[in-house]
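One structure is given below, encoded as structure tokens.
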């Protein structure tokens, strides 16, 4: 058995957790990055979600990825509900990072995705980047598949309005 330190105490590792983390972290980190649009925040979000999953690992039945993905999205939602998000005004702007290469050279899709409301962004990321069905997206977000369809329709309409040059790409996703 392996041990892992959480909150200053040693906990006995559950079988399969380390293997899960090794196998699924890259995909979950990509999801976190698409939600937060910041590498550092994405790593923090994934670490927080994995810590929560570790503490509940003995209660996870079947495939743990949907359970961990739900923790990831709900933790992300709780972070943006907070009043203070840790930002401080500065005289010079920080580096904005780099665009996802798959979003096109100009980053139009990336920029438009970043301007969506967070709930719409979560639906679009889970539906199209993570390739989840509407039922699975609803399960992850704790909403009905009909609500997922409605939010998705609103998000795609907003993407068309924000980036008319992407209308053909967004039209294919409808």
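The values are calculated or read from the model by the stated rules, or taken from the named source; none is laboratory data. Just so it is clear, the structure is predicted and the values come from calculations on it, not from any experiment. Cβ sites come from the backbone with ideal geometry, for glycine too, and all protein chains shown count toward neighbours.
Taken over region 33-71, the criterion of being in a loop (DSSP other than H, G, I, E, B) and over 13 Å from the mean Cα position of the chain (by Cα) is satisfied by 56, 60, 61, 62, 63, 64. Specify the residue that is modelled with the lowest pLDDT; the eligible residues are those in region 120-174 that are under 16 Å from the mean Cα position of the chain (by Cα) and loosely packed, with under 14 Cβ neighbours inside 10 Å. Taking the candidates together, the pick is 131.
Considering the conditions (1) touching a helix residue (DSSP H, G or I) at 6+ places or on another chain (Cβ under 6 Å); (2) at pLDDT below 90; (3) surrounded by fewer than 20 Cβ atoms within 10 Å (Cβ to Cβ), residue 70 is excluded by exactly one of them, (2). Go through region 1-32 and report how many residues are touching a strand residue (DSSP E or B) at 6+ places or on another chain (Cβ under 9 Å) and either in a loop (DSSP other than H, G, I, E, B) or modelled with pLDDT of 50 or more (or both). Final tally of qualifying residues: 5.
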